[in-house]
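First up is the structure itself, then whatever we jot down about it.
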Amino acid sequence: MRFRRKMNNEKLMIYKQIAQAIRDARSILIASHEDPDGDSLGSQLAISRVMRKLEKSPIIVNQGRIPFKYQFLPDIADITDIKNFGGDDNFDLVMILECPDAERTGAVKNLIHNGVKIINIDHHHDSRPFGAINYLDDKASSVGEMLFELFAAENLPIDRETAILLYAAILTDTGRFRYNSTTKRTMEVAGRLIDMGVNPREITDKIYFALPQSTLRLTGEVLSGITFHENGRICLLRLDKKMIDNHKTDISEMDGLADYTLAAKDVIVGGLLKEINGGFTKVSLRSRDKIDVSHVAHKYGGGGHINAAGFGVNKPIDSIINKLLDDLKELVHGSV
């Protein structure tokens, strides 16, 4: 079941279905996509806090390391990496956040058995209604914004720590309120969270301005190798395994690098290529205005938003970069 914001009755019905499913559940798994980001982490922890206030015992399991910049989030130690999970997987409710499909949870999908009730909450425009209950809104800035509306409508408790988690989710998935997904409603929700005790500067500083020195040095090296194409309309950055090893930096700390690809004047499409172990390369794409980089990501089995998308391929950087550049050139030429 899908809704758009103007369909108030349908929206309220979905809220009630989700709230009732949580109240009826005994064991609850909360999952999100591989390599969790600010929206997935903040949203998972926020819904977990609400569940515990309802005297539930939720379990959060993800695949991938938690970046250093999110370690300050309340209850962050409650999140388990799938490789360390050894508990009972006999869940009777699974909540999947920010995933277009269950496959995006990575190895966590192995904990989701046939017949279990799934609540699917997402704001990506390519999301599929794979759950028993589907709360999908591609007009929302983030899952954090969607959860705030759910909590408010169902009078579910939002304490200061939950407000911090929701604000962090919204802040990061809007690119500090820069992306086109930022709406009047987004700012209203952020304002409500501030009224609940969130300190905007403190949250922003902890996420964006408290980088380890090794991360900043590696950022400098990556930026020194920046390349521009198509008369400066395309910008590419590359981060290979050797660079990561030399600086002894965790790859999860470099997710914000992609935003630098749009920092230069005239650039309308950017790409960051990160080479992981075994030659696996992750690509993060960015664009301006109505240039849809998610179409390129889909070609490689990925997805995302119009202005921010990504994918991964089992190839080293040097074997993918030229093909990617051709795809981005085609995208740029089609936008003229």
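Restricted to the range 181-214, and to residues there that are in a helix (DSSP H, G or I) and touching a residue at least 40 places away in the same chain (Cβ under 8 Å), the residue that is farthest from S141 (Cα to Cα) is K206. I'm checking my understanding of the structure. Among residues of the range 60-85 that are within 17 Å of E98 (Cα to Cα) and of a type in the set (V, I, T), which one is surrounded by the most Cβ atoms within 10 Å (Cβ to Cβ)? Within the range 60-85, the match that is surrounded by the most Cβ atoms within 10 Å (Cβ to Cβ) is I60. For beta carbons closer than 8 Å, sequence separation of 6+ or different chains, a first residue in the range 310-336 that is in the same structural domain as D173 (by TED's automatic domain parsing) and on the phi > 0 side of the Ramachandran plot and a second that is surrounded by fewer than 17 Cβ atoms within 10 Å (Cβ to Cβ) and small (G, A, S), there are no qualifying pairs.
Residues in the range 257-294 that are out of contact with any Leu (no Cβ under 7 Å at 6 or more places or on another chain), part of a helix (DSSP H, G or I) and under 20 Å from R233 (Cα atoms): D259, L262, S294.
When the range 64-94 is filtered for residues that are closer than 24 Å to I207 by Cα, of a type outside the set (A, V, I, L, M, F, W, C), touching a Lys or Arg at 6+ places or on another chain (Cβ under 8 Å) and touching a residue at least 24 places away in the same chain (Cβ under 8 Å), the ones remaining, listed by number, are K69, P74, D75.
Scanning the range 315-334 finds no residues that are at pLDDT below 95, outside any helix (DSSP H, G or I), under 19 Å from P100 (Cα atoms) and not aliphatic (A, V, I, L, M). All conditions but one from (1) part of a helix (DSSP H, G or I); (2) modelled with pLDDT of 95 or more apply to H298; the one that does not is (2). If you go through the range 95-117 and keep only what is without any contact (Cβ under 8 Å) to a residue 60 or more places away in the chain and either surrounded by 20 or more Cβ atoms within 10 Å (Cβ to Cβ) or at positive phi (or both), you end up with just G115.
Within the range 38-92, can you find the residues that are assigned to a loop (DSSP other than H, G, I, E, B), among the hydrophobic types (A, V, I, L, M, F, W, C) and under 29 Å from G115 (Cβ atoms)? Working first, answer last.
First pass over the range 38-92, keeping only residues assigned to a loop (DSSP other than H, G, I, E, B): 54-56, 63-67, 71-75, 85-92.
Applying the additional criterion that residues be among the hydrophobic types (A, V, I, L, M, F, W, C) yields 54, 66, 72-73, 85, 91.
Result: L54, F85, F91.
Summed over the range 121-159, the residues that are closer than 16 Å to H33 by Cα and aromatic (F, W, Y) give a count of 1.
Considering each residue of the range 228-241 in turn, at least one proves to be assigned to a helix (DSSP H, G or I), at pLDDT below 95 and of a type outside the set (D, E).
Among the residues making up the range 94-122, those that are more than 22 Å from the chain's Cα centre (by Cα) and under 20 Å from Q17 (Cα atoms) are G115, V116, K117.
Only one entry of T249, T219 meets the criterion of being of a type outside the set (A, V, I, L, M, F, W, C), part of a loop (DSSP other than H, G, I, E, B) and under 24 Å from the mean Cα position of the chain (by Cα), and that entry is T249. Kindly list the number of the only condition in (1) among the aliphatic types (A, V, I, L, M); (2) modelled with pLDDT of 90 or more; (3) buried (at least 17 other Cβ atoms within 10 Å of the Cβ) that fails for I251. Against the list (1) among the aliphatic types (A, V, I, L, M); (2) modelled with pLDDT of 90 or more; (3) buried (at least 17 other Cβ atoms within 10 Å of the Cβ), I251 comes up short only on (2). For the range 123-172, taking the residues that are of a type in the set (K, R) and under 19 Å from the mean Cα position of the chain (by Cα), the one that is nearest to C99 (Cα to Cα) is identified as R128.
Return the residues of the range 123-180 that are polar (S, T, N, Q), in a loop (DSSP other than H, G, I, E, B) and touching a strand residue (DSSP E or B) at 6+ places or on another chain (Cβ under 9 Å); say none if nothing qualifies. I'd like the intermediate steps shown before the answer.
Kept after step one, since they are polar (S, T, N, Q), are these residues of the range 123-180: 127, 134, 141-142, 155, 162, 172, 174, 180.
Filter once more, so that each one left must be in a loop (DSSP other than H, G, I, E, B): 127, 141-142, 155, 174, 180.
Scanning the range 123-180 gives a single hit, S127.
The values are calculated or read from the model by the stated rules, or taken from the named source; none is laboratory data. This structure is a prediction, so every number in the text was calculated from the model and none was measured. For neighbour counting, all protein chains shown are included, and Cβ atoms are generated from backbone atoms with ideal geometry for every residue, glycine included.
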